[in-house]
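The values are calculated or read from the model by the stated rules, or taken from the named source; none is laboratory data. These numbers were taken from a predicted model, which means no experiment stands behind them. When we count neighbours, we look across all protein chains shown, and the Cβ atoms used for this are built from the backbone with ideal geometry, even at glycine. When the accessible area is computed, the model is the full protein with side chains, heavy atoms only, and any ligands, DNA or RNA have been set aside. Shrake-Rupley method; radii C 1.70, N 1.55, O 1.52, S 1.80 Å.
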Amino acid sequence: MTAGNLEDLAYNVFAKACPSRGTLEHVTGRWGGLTLGALYEGSLRFNELRRRVDGVSEKMLSQTLHALERDGLVHREAQPTNPPRVDYDLTPLGRRVAERLLALIHCVEGSMDEVLAARARYDETRGAL
């Protein structure tokens, strides 16, 4: 996409007041990206998702799921059972976003040898942080 095409869009994430900026933050934030990636594999219950997204607290996962559901990326299905059962899965929009996000995740994972070498060079010349 060229800069000229960006001006033709109804939304512009680079504009401070654009509502797309909030959604981008939800998708690319630490827990949002991992949650979308985990749900791409299929429907998960809350605790299954929490185990899959290692390190996320119950509170942060709950907040993340609410934000992603509000944005139309995640669907929450509550079953009227005792105890209640709640499943989360991606909407069609969520799947499209997650596919692109997973491409980025795989690019980063596949480049980690280069990243680690760059970090080592940086630390050598500037001192470890």
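Looking only at the stretch 35-57, count how many residues are part of a helix (DSSP H, G or I) and either hydroxyl-bearing (S, T, Y) or in contact with a Phe, Trp or Tyr (Cβ under 8 Å, 6 or more places away or on another chain) (or both).
Counting residues in the stretch 35-57 that are part of a helix (DSSP H, G or I) and either hydroxyl-bearing (S, T, Y) or in contact with a Phe, Trp or Tyr (Cβ under 8 Å, 6 or more places away or on another chain) (or both) gives 5.
Only one of (1) of a type in the set (A, V, I, L, M, F, W, C); (2) farther than 12 Å from L68 by Cα; (3) open to solvent by less than 90 Å² (accessible area, probe 1.4 Å) fails for A17. Which number is that?
Failed condition: (3).
Does the stretch 70-80 contain any residue that is open to solvent by 90 Å² or more (accessible area, probe 1.4 Å), assigned to a strand (DSSP E or B) and either at pLDDT 95 or above or under 20 Å from E25 (Cα atoms) (or both)?
For the stretch 70-80, residues open to solvent by 90 Å² or more (accessible area, probe 1.4 Å), assigned to a strand (DSSP E or B) and either at pLDDT 95 or above or under 20 Å from E25 (Cα atoms) (or both): present.
Quick one: is R96 open to solvent by 30 Å² or more (accessible area, probe 1.4 Å), out of contact with any His (no Cβ under 6 Å at 6 or more places or on another chain) and outside any helix (DSSP H, G or I)?
It is false that R96 is open to solvent by 30 Å² or more (accessible area, probe 1.4 Å), out of contact with any His (no Cβ under 6 Å at 6 or more places or on another chain) and outside any helix (DSSP H, G or I).
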